[in-house]
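The values are calculated or read from the model by the stated rules, or taken from the named source; none is laboratory data. Every value quoted in this text rests on a predicted model; they were computed, and no experiment measured them. Note: ideal-geometry Cβ built from the backbone for every residue, glycine included; neighbour counts use all protein chains shown. Note: areas computed on protein heavy atoms with side chains; ligands, DNA, RNA excluded. Shrake-Rupley method; radii C 1.70, N 1.55, O 1.52, S 1.80 Å.
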Amino acid sequence: MVSRLAVKGGDAVRTRPWPVWPQPAPGVPGAVADVLASGRWSISGPYRGTDSYERRFARAFAAYNGVAHCVPAASGTASLMLALEACGVGAGDEVIVPGLSWVASGSTILGVNAVPVFCDVDPETLCLDPAAVEAQITERTRAIVVVHLYSALADMDALTGIAERYGLPLIEDCAQAHGATYRGVRVGALATAGTFSMQHSKVLTSGEGGAVITRDADFARRVEHLRADGRCLTDAPPAPGAMELVETGELMGNNRCISEFQAAILTEQLTALDAQNERRRANAALLDERLAGLGLRPQSTSAGTTSRTYYTYAVRLPDGQFEDTPISAVTEALSAELGFPALPCYAPIPANRLYAPHTRRRYTLGLDHEERIDPKRFALPVCEEAARRTVTLHHTALLGDAEDMEDIAAAFGKVLRHGAELAPGAGPAHGAGPAHLADPAHVADPAL
Ligand SMILES: *Cc1c(COP(=O)(O)O)cnc(C)c1O
């Protein structure tokens, strides 16, 4: 019985529970209670004589990242759209973006009436391939968005070089990389602007939330206006009871503010981020060693990376094994062994069922536009290969101890040894199979 795969009815490698996510920092209940009693639940509520939590978080997060400006926003999606518009991206402009990412990387570009140009990735880091970026630049290119995916940082030396050479703004999507550093500089601080998501699954979270960071005061001012219906915060606090947002009419916006509750939670969660990142990093290093010993290839990061953060642990199957087995059969077998969801990596965005511009009337801006945004026009062989061969685990799996890493390695070892049972035609699965414990970031995007 012991030798049989759990997905086929055998005993599982592990039945102990896993850590849960999110984990509230000790100060969270007090901070939330403070907001409740404060008489101010949003920056668009009246000033009460003390700094809003939104201002406090913005200051703390800017300082943490070593930049002058942070504008909190409703979500990672909102932050990306704000950053794109603050770069001047608009109707018909092309924006280069990696083809391997969460669907929001494409939908946000569509959302500002621009044209996503999906670009292939590096096979080892799974982040934007600089040579592929350069090949996609045209006179209609208006910006580049780079995603630091899973646990890797993109090759920022090459990408900032390209952006400078062509005079293009570069936005770092740091939704999966809060706290990582490249040549000693925090991600998000390396380019024109950095955007973050604080959605439930992310390593810094308030359930929903986001932020844009930048070194550029004018850029930050544009983001402020864009996120608060065209209003910005006063330089000096107003009289208690008055509004802290002033109507300038400088730049029209939409409401994409976070609430004081979210800002209060983030202010406290930020104090726990480094220790949590460190724990995940140490566990990932152990897991890298164990899985490499089994012939698997953990995702690597660019040469300039000085500190990695793990939003997701990603590892490639050994060459020559499971070549004819769907990746979903492998991840289901691993999930059944672990009682924790192992998932395939993202489908390339043009092939993602959630990426379907034709289902929305708002993108019917004329035949020319519809052809330019047609997902079928993109060929992304490296993204497709990664999607066929990469297994991912949410960072919750890295928040425990070394024994957890041994369990994960044991599950991979067992599934590799019994790989033949998963080949098509090897008989139907009759085990309990994994519960649907999917990472929420893979199943639903409330912003769409
Ligand atoms: C989560 C995520 C987003 C979207 O963030 P939301 O807060 O869910 O809107 C964007 N890009 C990447 C890479 C993400 O992982």
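Listed values, structure above:
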quantity	calculated
From phi via Karplus (6.51, -1.76, 1.60), per-residue ³J(HN,Hα) for the stretch 391-403 in Hz, x at Gly/Pro	10, 10, 10, 4, 4, 3, 5, 9, 8, x, 10, 4, 4
Surface per residue (accessible, 1.4 Å probe) for the chain, Å²	40
Rounded to the nearest 20 debye, dipole of the chain from Cβ charges on Lys, Arg, Asp, Glu	560
Tail fraction, Cα-Cα pairs, the stretch 28-270, threshold 25 Å, whole percent	39
Candidate lysines for bridging to LYS8, where Cα separation is under 28 Å - those fewer than 8 sequence places away on the same chain excluded	LYS414
Accessible area of the stretch 288-353 belonging to carbon and sulfur atoms, whole % at 1.4 Å probe	48
Cα-based equivalent ellipsoid, the stretch 9-80: semi-axes from gyration tensor eigenvalues, Å	36, 18, 13
Using θ = phi - 60° and Karplus 6.51 cos²θ - 1.76 cosθ + 1.60, couplings along the stretch 205-216 (whole Hz; Gly, Pro as x)	9, 10, x, 9, x, x, 6, 10, 10, 6, 8, 9
Mean separation of Cα contacts under 8 Å (6+ apart) over length of the chain, as relative contact order %	23
Histogram of C-alpha separations across the chain, 10 Å bin width, %	4, 21, 30, 25, 14, 5, 1, 0
Simple spin-label estimate for ALA37 and GLU278 in nanometres, 7 Å along Cα-Cβ	3.3
Spherically averaged projected area in nm², based on the convex hull that wraps the Cα atoms of the stretch 264-342	7.3
For the stretch 68-131: relative contact order, % (alpha-carbon pairs under 8 angstrom, 6 or more apart)	31
Full-extension gain in nm, ALA63 to VAL20, via 0.36 nm per residue minus C-alpha separation	12.6 nm
Mean Cα-pair separation over length for the stretch 28-270, i.e. relative contact order, pairs under 8 Å, 6 or more apart, %	28
Cα lying deepest toward the dipole's positive end in the stretch 28-270, options ASN255, TYR150, ILE96, charges on Cβ	ASN255
Percent accessible area from carbon and sulfur atoms, the stretch 28-270, protein chains only, probe 1.4 Å	51
Cα-centre dipole for the stretch 28-270 with unit charges at Cβ (Lys and Arg positive, Asp and Glu negative), debye to 20	600
Diffusion coefficient, µm² s⁻¹, Stokes-Einstein with Kirkwood Rh over alpha-carbon pairs of the stretch 35-76 at 20 °C and 1.002 mPa s	189
Amide H partners (placed H, <5 Å) of GLU94, local residues excluded	VAL115, THR141, ARG142
